[in-house]
Amino acid sequence: MEKVQKPSFIERFLQLDRRIIYTLVALAVAIPLLFPMGLPIKVTPEVQSVYDMIEDLPEGSNILISADFDPASMPELYPMMKSVMRHIVRKHHKLAITVLWPNGPNLVAQCIEELKLEYPEWTNTVDYVFLGYQVGGAIVIISVGDSFSDTFPKDYYGASTAEMPIIKEFNRLGQADYMVMFEAGNSGDWWIVYGTEVHDVPVGGGVTAVVAPMYYPYLQAKQLNGIIGGLKGAAEYEKLTEVPALATAAMDSQSMVHALIFVAIVLANIFALMFVGQKRRQAREEM
Amino acid sequence: MLNLAILLQADNGLLPWQESMASFFFSDGMVAIGTWVAAGLTLFMFSFVYKDNPLFRFGEHLYLGISAGYLMSLYFFNNMKPKFFYPLMPFLDAAGDTTLNLWVIIPGILGLFIIFRLIPGWGWLSRITFAFYIGGFTGISFPKVLNGLLLPQFYATIDAIPWRVNSIDSAVLLLNSLVLFIGALSVLVYFFFSLEHRGFVGGVSRVGIYTLMLAFGASFGYTIMARVSLLIGRMQFLMFDWIGDEIVGRIASLFHGG
């Protein structure tokens, strides 16, 4: 009867139960949330560019926000959208908000409600208009090049947009002095191709980390003036606006998990190389 | 039919019974129940990391079902009702903003053709709609994509190269630009299949493969960051919204010795 060889330490490590790694990841997330370490957050030039653009515009400038995401991307995009909107409110700019994703409007409405608690003087239809969702994607973008009020006859709350004071001054994409799009997919491509490039509107992107690499070529081509990428970008914007919130609180966990993944990858590679060496030695001994 | 009648009647806000339901669902008690349901469903989803199980599948199917139902009602209220039913039957519009417009019958029929895909033998009708849609949109897109995407990206790849190097910064920029330029060119060569990838072309396409691998690596790194962010978001919800700031604070203070 053949003797069953006990697996070596290297083999046992390489066959580590994935649930142990999941547990370590869960701890790496939860512990820093319980005991914040306050790791430093460095602001990158692409986030600074978005901030500077909003900061340097004269008071009362027209800004368009398109919130093209849904609850699946909320942890990343909601904190950055709230920070950017807070910045816009503080600077007393006029704000129009559109949504191209059907599950997005409620998130924007929640953000508006939270900001109104901080800034009760911020007035609907005068300082901002929430145009809500409209189906059509690229067609909606082409249409807002002509008119917001025709594309969105009623706002999110059901009020007619045509007679709103803000719409009298700011009724088409070309009248925007700046645009910030929050993207969890490729709607940002549409905004650039069918909207901002056509009407020559400067635009910054707040994007999830998954799609960030897709948007960096636009930054390099100066079709975007800045990018707020993922939760890290959101934390950077919170730092710039000096209101640390959810994204800042999450950064310690993010760093811990990244460190854990880095260590896991390095160890797995070292052990894999050792395993190959071990097998070669065994093969030589058997020859 | 009753549902359709109710859906068509509800306009410019909510019907009285809908308003009562809305105020009921946004009461404090219901928000608390909602938080518990959300927390429970989150835990159902997390249970998959241990192994596949009925709770996970229940949560998954519930999410898909609710999303589909919600989207359908949204499309109906935002589009079908104001843009199809009202122009055909203006008397249904309580606000009286709509006038009779029989032209909407044409897109209505084209839309119906897509549903015919479900009927064996009638599916070919959907091709008319798709041909109309794809043809029209290609016509709209072509010049815009050329001017708004292809040419600016092409110029940026060439323009980024600084032709005079007189400082360390410009030398670094030159290096970056050359990497970008050579990378873009070699990837294009890799996807050019009319020439056999041997000799010089083979070498360049190999550089293209390495460039693609670098791009995929960066993309994968960002994807990990995004997934971790989602996990953090859920953990923040469970710890601070569900368990509560106060209890979490007390647990933390136990370890701090406070």
Going through segment A:166-184 in order, the residues found to be touching an Asp or Glu at 6+ places or on another chain (Cβ under 7 Å) and under 20 Å from A:Glu197 (Cβ atoms) are A:Arg172, A:Met181, A:Phe182, A:Glu183
I'd like the full set of residues that are among the aliphatic types (A, V, I, L, M) and touching a strand residue (DSSP E or B) at 6+ places or on another chain (Cβ under 7 Å), limited to segment A:208-224. A:Ala209, A:Val211, A:Ala212, A:Leu219, A:Leu224
Scanning segment A:81-92 for residues that are without any contact (Cβ under 8 Å) to a residue 40 or more places away in the chain and under 12 Å from A:Ile65 (Cα atoms), which turns out surrounded by the fewest Cβ atoms within 10 Å (Cβ to Cβ)? A:Ile88
Return the residues of segment A:144-168 that are outside any loop (DSSP other than H, G, I, E, B), touching a helix residue (DSSP H, G or I) at 6+ places or on another chain (Cβ under 9 Å) and buried (at least 19 other Cβ atoms within 10 Å of the Cβ); say none if nothing qualifies. A:Val144, A:Phe148, A:Ser149, A:Thr151, A:Ile167
Quick check on A:Pro7: is it at pLDDT 90 or above, exposed (fewer than 12 other Cβ atoms within 10 Å of the Cβ) and out of contact with any Gly (no Cβ under 7 Å at 6 or more places or on another chain)? no
Before we move on, is A:Arg12 loosely packed, with under 12 Cβ neighbours inside 10 Å, more than 14 Å from chain B (Cβ to nearest Cβ) and not in a loop (DSSP other than H, G, I, E, B)? yes
When segment A:207-232 is checked residue by residue, the ones that are among the small types (Gly, Ala, Ser), more than 12 Å from A:Glu76 (Cβ to Cβ) and within 12 Å of another protein chain (Cβ to nearest Cβ) are A:Ala221
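Report yes if B:Phe130 is more than 27 Å from B:Ala215 (Cα to Cα) and under 32 Å from the mean Cα position of the chain (by Cα), otherwise no.
In short, yes.
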Counting just the residues of segment A:18-75 that are within 23 Å of A:Leu107 (Cβ to Cβ) and part of a loop (DSSP other than H, G, I, E, B), which one comes out farthest from the other protein chains (Cβ to nearest Cβ)? A:Phe69
Filtered residues of segment A:39-76 (kept if buried (at least 17 other Cβ atoms within 10 Å of the Cβ), over 23 Å from A:Gly185 (Cα atoms) and in contact with a Leu (Cβ under 9 Å, 6 or more places away or on another chain)): A:Asn62
Tell me yes or no: at least one residue of segment A:53-61 is within 18 Å of the chain's Cα centre (by Cα), modelled with pLDDT of 95 or more and small (Gly, Ala, Ser). no
Listing of helices (runs of 4 or more DSSP H) fully contained in segment B:145-258 that carry 3 or more residues being more than 8 Å from chain A (Cβ to nearest Cβ) and in contact with a Pro (Cβ under 6 Å, 6 or more places away or on another chain): B:168-190
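Across segment A:100-121, what is the number of residues that are in a loop (DSSP other than H, G, I, E, B) and either surrounded by fewer than 19 Cβ atoms within 10 Å (Cβ to Cβ) or in contact (Cβ under 8 Å) with a residue 60 or more places away in the chain (or both)?
Of the residues in segment A:100-121, 7 are in a loop (DSSP other than H, G, I, E, B) and either surrounded by fewer than 19 Cβ atoms within 10 Å (Cβ to Cβ) or in contact (Cβ under 8 Å) with a residue 60 or more places away in the chain (or both).
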Screening A:Ala259, A:Ala250, A:Ala235 for residues that are loosely packed, with under 14 Cβ neighbours inside 10 Å, closer than 19 Å to A:Met37 by Cα and within 13 Å of chain B (Cβ to nearest Cβ) leaves only A:Ala259
Sort out which residues of segment A:3-24 are under 29 Å from A:Gln254 (Cβ atoms) and among the basic types (Lys, Arg), and write them in order of number. A:Arg18, A:Arg19
Pick from segment A:100-139, criterion touching a Ser or Thr at 6+ places or on another chain (Cβ under 8 Å) and more than 11 Å from chain B (Cβ to nearest Cβ), ranking: farthest from A:Gln175 (Cα to Cα): A:Leu100
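The values are calculated or read from the model by the stated rules, or taken from the named source; none is laboratory data. Treat the numbers as computed from the prediction; the structure is a model and nothing was measured. Neighbour counts are summed over all protein chains in view; Cβ atoms, including those assigned to glycine, are modelled from backbone coordinates with ideal geometry.
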